[in-house]
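Peer 1: One structure, as structure tokens, below. Some questions next.
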Amino acid sequence: MERIYADNAATTRISDEVLAAMMPFLKENFANPSSYHSAGREVRVAIENARKKIASVIDCDAAEIYFTSGGTESDNWAIRGAARLSNGKKHIISSKIEHNAVLNTLKSLEKDGFEITYLDVDRNGFVSPESLEKAIRPDTALITVMFANNETGAVQPTDEIGKIAKKHGVLFHSDVVQAFGHLPINVKKTNIDMLSFSGHKFNGPKGVGGLYIKRGVMLPNLIYGGKQENGRRAGTENAAAIVGMGAAAEIAAKEMKTESARLETLREKLICGLLSGIDGCVRNTPEKNSLPGIANVSLPFAEGEALVLMLDLKGITASSGSACMSGTKDPSHVLTAMGLDEKTAHGAVRFSFDRYTTEKDADTILSVFPDIAKKLRDLSRI
């Protein structure tokens with residue numbers, strides 16, 4: 001059975017080009033990049049070239065990019081580092097729809113005496129800039145709001161948030177893990193001080209990511225040890241993964257305009273087809289200002305996990321929400337924050353596409369999913 005992979009918001013397939021770029025650094029060019037000999041210097045050059053490629057995607061200087069093990073570490077570094085920089089300020093502003101890498105880091109800071117304001121969102125999952133500005137206090141140390149939501153694809157008004165943060169002299173961190181490589185991002189225009197990203201969300205390898213730290217933001221280290229990453233993030237660099245992430249970023253930047261248009265067309269074809277073909281189907285992905293490759297819908301008469309399992313039996317890989325929330329019986333915190341009742345939130349399924357998704361894949365989902373929905377609807381009536 002040929003499988004259709006439609007869970008790219010959880011992780012993407014590493015591209016052939018990226019794997020080819022990585023292979024020499026797994027076999028021949030394996031030297032430690034901190035070594036002074038020529039073999040080490042050769043790896044160091046490759047790492048710095050990757051840094052330049054990634055910096056160009058968000059229009060920053062290469063020296064402002066620091067490599068980490070992924071988005072979770074980057075979020076922790078930015079948020080906990082900003083808390084240590086706060087000079088007695090104990091207030092942080094975030095939103096109710098953040099990834100758990102942000103929410104659980106904030107919860108840990110609450111135990112250290114920080115007060116967190118979790119902003120509400122509207123039915124489409126958007127933070128209100130006006131509400132955010134009203135929440136700022138003299139003791140506000142940080143604003144951390146994601147660029148785009150990983151469950152619904154809602155793209156936040158980051159430009160406006162950045163202007164507000166700059167106006168009030170508050171550090172602004174954004175988790176851009178889901179949007180990096182998929183949407184144009186300019187850290188100068190958005191006034192972002194710290195930006196988290198992860199390689200495996202744009203057809204790069206897992207276990208590698210990074211943090212943009214604006215020059216002048218003296219963020220304390222999260223990990224101590226050697227002098228790697230200009231003394232700010234210790235540990236021997238994962239050279240092969242960094243080179244792969246650099247290659248993936250370069251490819252994503254070149255393809256972004258055409259791929260965004262193609263994926264948005266597929267997304268709308270899928271969502272509109274499901275809405276017209278399944279009575280009671282609810283759209284959770286906003287029609288405007290959303291990631292091109294995420295389609296989130298709810299069937300209030302079904303359980304999301306049951307939908308995912310039945311799709312899996314038909315050879316279609318999807319999800320009922322964030323991969324980091326799998327295993328929990330609670331409804332999505334993102335969908336409940338958007339005002340969905342428990343039944344509708346529990347009945348959510350997310351299809352997410354990437355450069356390998358075809359129109360045929362979308363057509364197959366449209367041909368299979370309504371029958372699955374009918375079976376589950378009939379069962380719910382028994």
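Peer 1: Report whether or not Lys227 is out of contact with any strand residue (DSSP E or B) (no Cβ under 6 Å at 6 or more places or on another chain), surrounded by fewer than 23 Cβ atoms within 10 Å (Cβ to Cβ), of a type in the set (D, E, K, R) and in contact (Cβ under 8 Å) with a residue 12 or more places away in the chain.
Peer 2: Details: out of contact with any strand residue (DSSP E or B) (no Cβ under 6 Å at 6 or more places or on another chain): yes; surrounded by fewer than 23 Cβ atoms within 10 Å (Cβ to Cβ): yes; of a type in the set (D, E, K, R): yes; in contact (Cβ under 8 Å) with a residue 12 or more places away in the chain: yes.
Criteria met by Lys227.
Peer 1: Additional query: If Thr68 satisfies every condition in (1) over 14 Å from Leu195 (Cβ atoms); (2) crowded, with 19+ Cβ neighbours inside 10 Å; (3) of a type in the set (Ser, Thr, Tyr) but one, which is the exception?
Peer 2: Unmet condition: (1).
Peer 1: In the range 20-42, which residues are among the hydrophobic types (A, V, I, L, M, F, W, C) and touching a Gly at 6+ places or on another chain (Cβ under 7 Å)? Steps first, please.
Peer 2: First, the residues of the range 20-42 that are among the hydrophobic types (A, V, I, L, M, F, W, C): 20-23, 25-26, 30-31, 39.
Result: Ala21, Met22, Ala31.
Peer 1: Criterion first (in the same structural domain as Leu183 (by TED's automatic domain parsing) and either modelled with pLDDT of 95 or more or aromatic (Phe, Trp, Tyr) (or both)) does Gly246 satisfy it?
Peer 2: Numbers: in the same structural domain as Leu183 (by TED's automatic domain parsing): yes; either modelled with pLDDT of 95 or more or aromatic (Phe, Trp, Tyr) (or both): yes.
In short, yes.
Peer 1: Looking for whichever is at pLDDT 95 or above, buried (at least 22 other Cβ atoms within 10 Å of the Cβ), under 25 Å from the mean Cα position of the chain (by Cα) and over 28 Å from Gly199 (Cβ atoms) here; the options are Gly339, Gly347. Which one fits? Quick ask: steps written out before the conclusion?
Peer 2: Values: Gly339 fails: buried (at least 22 other Cβ atoms within 10 Å of the Cβ).
After applying the criteria, what remains is Gly347.
Peer 1: I'd like the full set of residues that are assigned to a strand (DSSP E or B) and of a type in the set (S, T, N, Q), limited to the range 105-132. Explain how you work it out, then say what you get.
Peer 2: Step one: filter the range 105-132 for residues assigned to a strand (DSSP E or B), giving 115-119, 121, 127.
Correct list: Thr117 only.
Peer 1: Within the range 277-300, count every residue that is over 23 Å from Leu379 (Cβ atoms) and surrounded by fewer than 18 Cβ atoms within 10 Å (Cβ to Cβ). Give the steps one after another, and end with the answer.
Peer 2: Residues of the range 277-300 over 23 Å from Leu379 (Cβ atoms): 283, 285-295.
If we keep only those that are surrounded by fewer than 18 Cβ atoms within 10 Å (Cβ to Cβ) too, we end up with 283, 287-289.
Matching residues across the range 277-300 total 4.
Peer 1: Looking only at residues that are out of contact with any strand residue (DSSP E or B) (no Cβ under 7 Å at 6 or more places or on another chain) and touching a residue at least 24 places away in the same chain (Cβ under 8 Å) in the range 110-135, which one is surrounded by the most Cβ atoms within 10 Å (Cβ to Cβ)?
Peer 2: From the range 110-135, those out of contact with any strand residue (DSSP E or B) (no Cβ under 7 Å at 6 or more places or on another chain) are 111-113, 120, 122-123, 128-130, 133-134; that's our starting set.
Still in the list and also touching a residue at least 24 places away in the same chain (Cβ under 8 Å): 112, 120, 122-123, 129, 133.
On the way: Asp112: 9, Asp120: 13, Asp122: 14, Arg123: 10, Pro129: 19, Glu133: 17.
Restricting to residues being out of contact with any strand residue (DSSP E or B) (no Cβ under 7 Å at 6 or more places or on another chain) and touching a residue at least 24 places away in the same chain (Cβ under 8 Å), the top hit is Pro129.
Peer 1: Let me ask something else about it. So, in the range 352-373, of the ones that are hydroxyl-bearing (Ser, Thr, Tyr) and farther than 22 Å from Gly181 by Cα, which residue ends up surrounded by the most Cβ atoms within 10 Å (Cβ to Cβ)?
Peer 2: Residues of the range 352-373 hydroxyl-bearing (Ser, Thr, Tyr): 352, 356-358, 364, 367.
After this cut, where a residue has to be farther than 22 Å from Gly181 by Cα as well, the list is 364, 367.
Numbers: Thr364: 17, Ser367: 12.
My answer is Thr364.
Peer 1: Which residue out of Ala55, Ala50 is part of a helix (DSSP H, G or I), small (Gly, Ala, Ser) and buried (at least 21 other Cβ atoms within 10 Å of the Cβ)? Before you say what the answer is, go through the steps one by one.
Peer 2: Numbers: Ala55 fails: buried (at least 21 other Cβ atoms within 10 Å of the Cβ).
After ruling out the rest, the residue left standing is Ala50.
Peer 1: Oh, and also: Among the numbered criteria (1) in the same structural domain as Met22 (by TED's automatic domain parsing); (2) in contact (Cβ under 8 Å) with a residue 24 or more places away in the chain, which single criterion is violated by Leu266?
Peer 2: It fails just one condition, (1).
Peer 1: Considering every residue within the range 199-210, establish whether at least one is of a type in the set (Phe, Trp, Tyr), touching a strand residue (DSSP E or B) at 6+ places or on another chain (Cβ under 6 Å) and either closer than 30 Å to Ser34 by Cα or in contact (Cβ under 8 Å) with a residue 60 or more places away in the chain (or both).
Peer 2: Initial filter on the range 199-210 (of a type in the set (Phe, Trp, Tyr)): 202.
Narrowing further to those that are touching a strand residue (DSSP E or B) at 6+ places or on another chain (Cβ under 6 Å): none.
No - not one qualifying residue is present in the range 199-210.
Peer 1: How about the range 138-155: which of its residues are surrounded by fewer than 24 Cβ atoms within 10 Å (Cβ to Cβ) and more than 21 Å from His200 (Cβ to Cβ)?
Peer 2: Scanning the range 138-155 gives Pro138, Asp139, Thr140, Ala141.
Peer 1: I'd like the full set of residues that are of a type in the set (S, T, N, Q) and outside any helix (DSSP H, G or I), limited to the range 58-85.
Peer 2: Kept after step one, since they are of a type in the set (S, T, N, Q), are these residues of the range 58-85: 68-69, 72, 74, 76.
Answer for the range 58-85, where residues must be of a type in the set (S, T, N, Q) and outside any helix (DSSP H, G or I): Thr68, Ser69.
The values are calculated or read from the model by the stated rules, or taken from the named source; none is laboratory data. From a predicted model like this one, the values you see are computed outputs, not experimental measurements. Here the Cβ is made from the backbone with ideal geometry for all residues, glycine too, and neighbour counts use every protein chain on show.
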